[in-house]
Amino acid sequence: MTETPKRILIIRLSAIGDVLRVLPSLQVLKKNYPESYIGWVVEEKSRDILEAHSAIDEVIIFPKHSLIKKLKSWGEFGAGLKQLLSFIKTIREKRFDLVIDFHGLFKSGFISFFSGAPERVGFTRPFTKECNFLFNNRRFPLDSQRMSRINRNLTLLEKMGLDINHDAPVIHVPEYDRKIIQKFFKQQHIDHSRPVIAIHPGTSPSTPYKRWEPYRYAVIADQAIADNGAQIIFTWANQELEIVKAIISLMKYRAIIAPETQNLCQLAEIFKNCNLYVGSDTGPMHLAAFVGIPVVALFGPTDHIVNDPYMHTPHIIIRSETQCSPCRKYDCKLRECMTGIKEESVMRAINIMLDSFKDKKGEKDINTV
């Protein structure tokens, strides 16, 4: 960098977990350029977390689904092209002088190039897809293909010459969303002297191969209640409610179904009020890790190194070694990488994590005597 950029644009469009894993890099940018204006281009589903963040000056929504629908239709193709040109015009008018493309795909490279920014930072060819490297004029390699997405993003900034030491990201929750969740906890008579465990058993509709069996979640939930007096809250989104109902129908003890959250900030507030998170490799798992509660993560087909939870949050990864994992076989029928994860292993990790809760509670009890 020849001089301090006045206006910085971050590009990381989706998915939720990938967007969240850029937050440490946002902290680094704010630390290195405290006076710079920072914008972020993202897709709709992650907007609320970013809009609530104090380090971001502007969130720009990339209307992916609307564009795809129109551009695929002969009747609406013209309207889609007009919408795309309007989006690019909006970006160019903001006159960003530095764009950082953390996404590394064609669509992010397209936005970067047509932003008009004189400096467009991205990864070199081996670390991008869909010819993304052609769109950026400052390209940096990584030391390895197989590294944590969080470290991948931070390494890009380090290659730019920035100090990547950072404070843990803060997930900001607006007062309105915070009060909604606090009201729910009061209505459920949650006792914070006992451990509260959030379990998120679902995954996105496109990745059912990452799910653990409902009866196994029922087993560990009952065991956590019996052994630790835990209060179990099942979180969910969209069609995942049916999975939660199936699990609860198999349980011996009472569990709580979380309310339908209106946005990610409300889900974050639920996690903030829990002592432990249990679930597979999903966006909610990364959200829980960034909120700062201990995480027990069940990994099957996805790479546990690439998708490691935030390194400064206590976490235990549970996985079953199989020759075919990691993979991207969405229609896998065997799913040995997930079926091989035993309830005993997950329960052992839960007990390890809850030991720290007991220690903290013991210290608090002693201090109040």
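The values are calculated or read from the model by the stated rules, or taken from the named source; none is laboratory data. Remember, it's a predicted structure, so these values are computed and weren't measured experimentally. Glycine also receives a Cβ, built like all others from the backbone with ideal geometry; neighbour counts cover every protein chain displayed.
Things to note:
- Pairs with Cβ under 7 Å, 6+ apart, first in region 61-83 and among the acidic types (Asp, Glu), second surrounded by 15 or more Cβ atoms within 10 Å (Cβ to Cβ): 76/70
- Check on residue 179, in contact with a strand residue (DSSP E or B) (Cβ under 6 Å, 6 or more places away or on another chain) and farther than 26 Å from residue 356 by Cα: no
- Within region 216-239, the set of residues being closer than 21 Å to residue 181 by Cβ and modelled with pLDDT of 95 or more comprises 221, 230, 231, 232, 233, 234, 235, 236.
- In region 318-356, the residues that are in a helix (DSSP H, G or I), in contact with a strand residue (DSSP E or B) (Cβ under 8 Å, 6 or more places away or on another chain) and either modelled with pLDDT under 95 or buried (at least 19 other Cβ atoms within 10 Å of the Cβ) (or both): 337, 338, 346, 349, 350, 353, 354
- Of the residues 46, 14, 66, the single one that is of a type in the set (Ser, Thr, Tyr) and farther than 27 Å from residue 280 by Cβ is 66.
- Boolean, residue 65 is closer than 16 Å to residue 41 by Cβ and at pLDDT below 95: yes
- Among the residues of region 1-11, the ones that are more than 13 Å from residue 157 (Cβ to Cβ) and buried (at least 24 other Cβ atoms within 10 Å of the Cβ) come to 2 in all.
- Test: residue in region 167-180 that is within 29 Å of residue 335 (Cβ to Cβ) and assigned to a loop (DSSP other than H, G, I, E, B): no
- Taking region 183-289 as the region of interest, the helices (runs of 4 or more DSSP H) fully inside it that hold 2 or more residues being buried (at least 17 other Cβ atoms within 10 Å of the Cβ) and over 19 Å from the mean Cα position of the chain (by Cα) are 214-228, 240-249.
- Per this entry, residue 297 is not counted among residues that are closer than 29 Å to residue 47 by Cβ, modelled with pLDDT of 95 or more, within 15 Å of the chain's Cα centre (by Cα) and part of a helix (DSSP H, G or I).
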